[in-house]
Amino acid sequence: SQQGEEDPQALSIQEGENATMNCSYKTSINNLQWYRQNSGRGLVHLILIRSNEREKHSGRLRVTLDTSKKSSSLLITASRAADTASYFCATDAEAAGNKLTFGGGTRVLVKP
Amino acid sequence: SQTIHQWPATLVQPVGSPLSLECTVEGTSNPNLYWYRQAAGRGLQLLFYSVGIGQISSEVPQNLSASRPQDRQFILSSKKLLLSDSGFYLCAWSPLDRDNTEAFFGQGTRLTVV
């Protein structure tokens, strides 16, 4: 079964707006990551946040992690049409042999 | 620098035919290797995970198998394909480091079983 579940499943916004998506997971984790996938392509790593971190930034991306709620959020600020893609969270946990498991993803459409 | 090669990019195979997808990694040693399958518009389902040569865990019962004949080579196979094996297959690697599990993906293989 999937460890992470993203919410919402799909998101449509105007260019310049912020996009926020959430990820919930079930068991204790070592790390949580966010990936981006353009249609029909492989996934590209965006950001990794460790279980002892609460917030991380990378350019226009901001990731938060709340281990008490077993949830994370990805915020894309000042979105651009080129941000149109699917975004996935992934977790690894020692109890699961440290393998990387993914959620169902959020499809983001940024309209110009 | 590290690179990952996955081929072919697309494949159309008849039901009952065999399958072999190959993935190779360059520029690193002892990587963790993964095979995922992605249905259209869905998330990634972990199929196989390997931490070393000959060490492969199967995540879901299925019509597929995996082998790791060399440290940086991961092969996904089937003896007889089913229609339900159609999908987008992704190979990935990550460092053998618990604190840095960033995964690097191949470009994927679109498999259509007809």
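Could you give the length gained by full extension between A:Lys111 and A:Lys26, i.e. 0.36 nm per residue of separation minus their alpha carbon distance, to one decimal place?
27.3 nm
Can you run the Rg to Rh ratio on chain B? Use alpha carbon positions and the Kirkwood inverse-distance Rh. All intermediate terms of the calculation are to be shown ahead of the outcome.
On the way: Rg = 13.5 Å, Rh = 14.2 Å.
On the Cα set of chain B, Rg over Rh gives 0.96.
Can you give the percent of C-alpha pairs in the stretch A:1-80 whose distance is more than 14 Å? Let's see the in-between values first.
On the way: 2041 of 3160 pairs.
More than 14 Å apart: 65 percent of the Cα pairs in the stretch A:1-80.
Check A:Ile47: other-chain or 5+ apart residues with amide H under 5 Å from its amide H, H built from backbone geometry?
Here A:Trp34 satisfy the definition.
Using only Cα atoms, figure out Rg for the protein assembly as shown and give it as a multiple of 2.2 N^0.38 Å. Walk me through the numbers before you get to the answer.
On the way: Rg = 17.4 Å, N = 226, 2.2 N^0.38 = 17.3 Å.
This ratio for the protein assembly as shown stands at 1.01.
How large is the accessible surface per residue of chain A, computed with a 1.4 Å probe and reported in Å² as a whole number? Provide the component values of the computation, followed by the final result.
On the way: 5180 Å² over 112 residues.
Value returned for chain A: 46 Å² of accessible area per residue.
Considering only DSSP beta bridges with both partners in the protein assembly as shown, what is the antiparallel share in %, to the nearest 5?
Around 90 percent of the beta bridges assigned by DSSP in the protein assembly as shown are antiparallel ones.
Could you sort the peptides A:61-72, B:29-40, A:81-92 by per-residue average Cβ neighbour count (10 Å cutoff), highest mean leading?
Details: A:61-72: 16.2, B:29-40: 19.1, A:81-92: 21.6.
Packing order, densest peptide first, comes out as A:81-92, B:29-40, A:61-72.
Compare B:Thr3, B:Thr28 by solvent-accessible area with a 1.4 Å probe and give them largest first, with all protein chains kept in place. Provide the component values of the computation, followed by the final result.
Values: B:Thr3 50, B:Thr28 25 Å².
These residues rank, largest area first, as B:Thr3, B:Thr28.
Amide H of A:Leu109 versus every other amide H placed in the peptide plane: which residues, excluding those fewer than 5 positions away on the same chain, fall under 5 Å?
Sorted by chain and number, the residues that satisfy this are A:Leu11, A:Ser12, A:Ile13.
With a 1.4 Å probe on protein heavy atoms only, work out how much accessible surface B and A bury together, total over both chains, in Å² to the nearest 100. Numbers along the way, then the final one.
Values: alone 6290 and 6070 Å², together 10550 Å².
It comes to approximately 1800 Å² buried between B and A.
Under the Karplus relation 6.51 cos²θ - 1.76 cosθ + 1.60, θ = phi - 60°, what is the ordered set of whole-Hz ³J(HN,Hα) values for the stretch A:5-20, x standing for Gly and Pro?
So the Karplus estimates, Gly and Pro as x, are 10, 8, 8, x, 6, 9, 8, 10, 9, 8, 3, x, 7, 8, 10, 10 Hz.
At a probe size of 1.4 Å, how large is the accessible area of A:Arg50, to the nearest 10 Å²?
Approximately 80 Å² of A:Arg50 is accessible to the 1.4 Å probe.
The values are calculated or read from the model by the stated rules, or taken from the named source; none is laboratory data. Computed from a predicted structure; not experimentally measured. Using ideal geometry, Cβ is built from the backbone for each residue, glycine included, and neighbour counts are taken over all protein chains shown. Just so you know, the surface numbers come from the protein's heavy atoms only, side chains and all, with ligands and any DNA or RNA stripped out. Shrake-Rupley method; radii C 1.70, N 1.55, O 1.52, S 1.80 Å.
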